[in-house]
Amino acid sequence: MLGRLVLLLLQIVIGWFGSTALMGFIKIGDFRLFIFAVVAAIVVFLIGIIAAQILKDVGTPSSHTLSWSLVFALIAAALWTWGSQIPLLSEIPWGRVRAEYAVLAAAILGYHLKK
């Protein structure tokens, strides 16, 4: 249980700083949030692989875990990009949370839901 908590904290901290650092090397303006979603999901997954080797009670993630993390991150990116244009979702204040925070949180959520 403690290992999973440490994994979560590592994924939050290293995931944020690692993803933003890697995005500094990628110079694509269009759909930047979607590229961030892919980078964040891969970074979260790699942190899980490394932590599984170091921490006790943390299992090695499978390729399905990467898929879930990637899908959740891309869904969050789509919601933060086009969510205000959907009539059913137009009342949600999308601007209160930075899009990158939401995408990283969704990638971590997808990782832990599958795991």
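The values are calculated or read from the model by the stated rules, or taken from the named source; none is laboratory data. Computed from a predicted structure; not experimentally measured. Here the Cβ is made from the backbone with ideal geometry for all residues, glycine too, and neighbour counts use every protein chain on show. Quick note on the areas: whole protein, heavy atoms, side chains included, nothing else; ligands and nucleic acids left out. Shrake-Rupley method; radii C 1.70, N 1.55, O 1.52, S 1.80 Å.
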State, as an integer percentage, the relative contact order of the range 1-87 based on alpha-carbon contacts under 8 Å between residues 6 or more apart.
34 percent
Give the ranking of Leu79, Leu109 by solvent-accessible surface, highest area first, calculated with a 1.4 Å probe.
Leu109, Leu79
Could you please state, rounded to a whole Å, how far the C-alpha centre of the range 66-96 is from the C-alpha centre of the range 25-56?
18 Å
How many percent of the accessible area of the range 28-115 is carbon or sulfur, using a 1.4 Å probe?
66 percent
Chymotrypsin sites (Phe, Trp or Tyr not before Pro) within the range 48-115: DSSP coil, no more than 14 neighbouring Cβ in 10 Å:
none
Rounded to the nearest 10 Å², the 1.4 Å probe accessible area of Val43 is 20 Å²
Å² of accessible area per residue within the chain, as computed with a 1.4 Å probe and no ligands counted:
61 Å²
